[in-house]
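Worksheet: the structure to be examined is printed underneath.
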Amino acid sequence: MRPAAYFCLSLMLLLPMGRTTSQEPIIIECPELIECSGMAVSPSDSSLVWAHNDSGHLARLYLLHRATGALRGMVQLEGVSNGDWEDICAVPIAGKNYLAIGDTGDNYRRRDRVQIHLLEEPITDAIDDEAAKSVPQVGNTVQKVRQVLTLDISFPGGSVDCEGLAYDGANKRFVLVTKEFLRCRIYAVPFQDAWLNALAAISESV
C-alpha cells in the first residue's frame with residue numbers, strides 16, 4: 001500500500017463519528033511526507049491537521065488542510081531529532097494550545113528512556129489573533145522552531161514499544177499506548193505545570 005493510502009486511512013479516522021459522509025477519500029501528495037506516523041487536528045483551527053513522518057526522517061511537522069489535503073506549511077524542530085516519532089497530540093491547557101510529539105517507538109526494546117517533545121502550537125495563517133503575533137507563523141516555507149521542551153519518560157518494568165500518544169484534558173495527563181501481539185498496555189503520565197514554566201523559560205532565552 002502506498003504511503004498516500006496509509007495517510008488517507010488515517011485522515012478518515014479523524015472525521016467525526018456517528019454520521020455518514022459522501023466526501024471522496026483524500027489523497028495527500030506531499031513529497032516529504034512519505035511515512036506518516038502521527039496526525040492531530042490543530043487545537044487552534046479544526047480545518048487543519050498536523051502530521052509527521054516515522055523514524056529516520058527529519059524532525060519536521062507538516063500542516064495540512066483537512067478537507068483538501070493541501071500542504072499549508074512545514075515546521076522544523078531545532079535541537080531535537082526524530083529517533084522514532086510515533087504520534088502527535090494537541091494539548092490545550094492554561095489558555096494556550098500546545099503540541100506534544102511522542103518519540104516513543106522501540107521495536108527492539110532497546111531504549112531505557114523515550115521522549116515527549118512539547119512546544120506551543122505555531123499560529124497558522126488561517127488564525128488572525130493579534131495577541132499571538134509573537135508566536136512563529138507557519139507559511140509555505142520551512143519555519144524553524146527552537147522553543148521545544150523535551151521530557152524523558154521511562155516505563156515501569158523496562159522498555160516497551162509505545163506507538164500511541166494522547167492528552168487527557170479532563171484528568172490533565174498524557175496517555176501512552178503500547179503495540180504488542182497479545183495485549184496492549186496503557187500508561188498515564190501526569191502533566192506538570194512546571195513544564196509550561198520551563199518551556200516559557202526556553203522561549204525567553206532564544
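Laboratory data are not the source of any read-out in this text; all were calculated from the coordinates shown. Keep in mind it's a predicted model, so treat the numbers as computed, not measured. Don't worry about glycine lacking a Cβ; one is built from the backbone with ideal geometry, like all the others, and counts go over all protein chains shown.
Per-structure values
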read-out: Least to most buried among H57, H117 (fewest other Cβ within 10 Å first); value: H57, H117
read-out: Calculated FRET value between L182 and R146, using beta carbons and R₀ = 41 Å, to 0.05; value: 0.45
read-out: Least to most buried among S44, S37 (fewest other Cβ within 10 Å first); value: S44, S37
read-out: Computed P(r) (all Cα pairs; the range 156-204; 10 Å bins; percent); value: 23, 39, 29, 9, 1
read-out: Modelled FRET efficiency - R0 25 Å, V175 with E24, Cβ distances, 0.05 increments; value: 0.15
read-out: Full-stretch length increase - R109, A201 - with 0.36 nm per residue and alpha-carbon distance subtracted; value: 29.8 nm
read-out: Footprinting exposure proxy for V160, V41 (fewest neighbouring C-beta atoms within 10 Å first); value: V41, V160
